[in-house]
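Worksheet: one structure, shown below.
The values are calculated or read from the model by the stated rules, or taken from the named source; none is laboratory data. What you see is a predicted model; the values in this text were computed from it and never measured. No Cβ is skipped: glycine too gets one built from the backbone with ideal geometry, and neighbour counts run over all protein chains shown.
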Amino acid sequence: MQDQLHIALIQTDLVWEDPKANRDNIEALIESISDVVDIIVLPEMFTTGFTMNATKHAELLSGVSVTWMSKLAAKTQAAIMGSLIISEDNNYYNQLIFAYPNGDIKSYKKRHTFTLAGEDKIYTAGTERTIIEYKGWSLYPLVCYDLRFPVWSRFNNDYEVLFYVANWPKPRVNAWDALLQARAIENMCYCVGVNRVGTDKKGHEYSGHSAVYNTLGEKISEFVENEVGYRIVVLNKEHVVNTRQKFKFLNDRDTFSLE
């Protein structure tokens, strides 16, 4: 077990529907990291931006971008996490990929498709939680709109860190800030949120606000608004264990089952 996790948050602009340009830009950012890190977190749909043009840009799990993630993970000896458009069994998914340095892959299919943008008409919603075990930590990855639905993220004795990757627009960024903090507090976990910056081809503006909150809802990272770059945040297992044992708030949570 590893007592600390070093997380690199990659906050970047995305070139509209240009996977190669986005991979190249992200790789250059990652190559500029001189610190040793355990996990590198990319935004939602990092290859294309938040496009509904799935037919043109969907890839297979064996495709170029996932292969690129695996090679980069092996090169950096850090896990790489981010979502992209995946085609499987004649369905399209907004799918988060977690590429281990050893070549293994785990993935999560976004459950809450963003109806306001018509994502539900193009992409199939996932149905399964994915808990990732990595270096003695249990991680729970989610995607953007999932953030608004606390039941789906509710702690069930199964993780220490929540991750959200997003294309969350500037007009509603106050909700992003508040909900990331709330998810950390109510689950007594670290909550990591990585959002993009820039303006997409549809005119939607993104201001970033990527952040990490600890189990008490305290922000332990900081980006300048609209900044392209990275931040490294150190998570401590002892902080999670001690806070949960001291306050025991999770013992009083409601029990429920999802249908």
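Side notes on the structure shown:
- Selection within region 206-244: residues that are in contact with a helix residue (DSSP H, G or I) (Cβ under 8 Å, 6 or more places away or on another chain) and among the β-branched types (Val, Ile, Thr). The member of this set that is farthest from Asn195 (Cα to Cα) is Thr215.
- You will find that of Leu147, Leu116, Leu96, the residue that is under 17 Å from Asn187 (Cβ atoms) and among the hydrophobic types (A, V, I, L, M, F, W, C) is Leu147 and no other.
- If the condition is being surrounded by fewer than 23 Cβ atoms within 10 Å (Cβ to Cβ), over 17 Å from Cys189 (Cα atoms) and of a type in the set (A, V, I, L, M), then region 150-174 contributes only Val173.
- Checking each residue in region 142-167 for being in contact (Cβ under 8 Å) with a residue 40 or more places away in the chain, closer than 19 Å to Ala8 by Cα and of a type in the set (Phe, Trp, Tyr) picks out only Phe163.
- Residue tally, condition among the small types (Gly, Ala, Ser), over 27 Å from Asn53 (Cα atoms) and free of Cβ contacts under 8 Å to residues at least 12 places away in the same chain, over region 173-211: 1
- Residue in region 9-19 that is over 17 Å from Val197 (Cβ atoms), within 19 Å of the chain's Cα centre (by Cα) and at pLDDT 95 or above present: yes
- Region 50-75 residues that are more than 12 Å from Ile97 (Cβ to Cβ), paired with ones that are loosely packed, with under 14 Cβ neighbours inside 10 Å (beta carbon under 7 Å, 6 or more apart): Met52/Gly118; Ala74/Gly103
- Residues that are of a type outside the set (A, V, I, L, M) and either modelled with pLDDT of 95 or more or surrounded by fewer than 16 Cβ atoms within 10 Å (Cβ to Cβ) (or both) within region 222-235 comprise Glu222, Glu225, Asn226, Glu227, Gly229, Tyr230, Arg231, listed in sequence order.
- Among the residues making up region 203-252, those that are closer than 19 Å to Cys189 by Cβ and among the aromatic types (Phe, Trp, Tyr) are Tyr213, Phe247, Phe249.
- Residue within region 54-65 that is touching a Phe, Trp or Tyr at 6+ places or on another chain (Cβ under 6 Å) and hydroxyl-bearing (Ser, Thr, Tyr) present: no
- Subset of region 223-250 (residues that are out of contact with any strand residue (DSSP E or B) (no Cβ under 7 Å at 6 or more places or on another chain), part of a loop (DSSP other than H, G, I, E, B) and at negative phi): Val224
- Residue in region 37-48 that is of a type outside the set (A, V, I, L, M, F, W, C), over 18 Å from Ala117 (Cβ atoms) and in contact (Cβ under 8 Å) with a residue 40 or more places away in the chain present: yes
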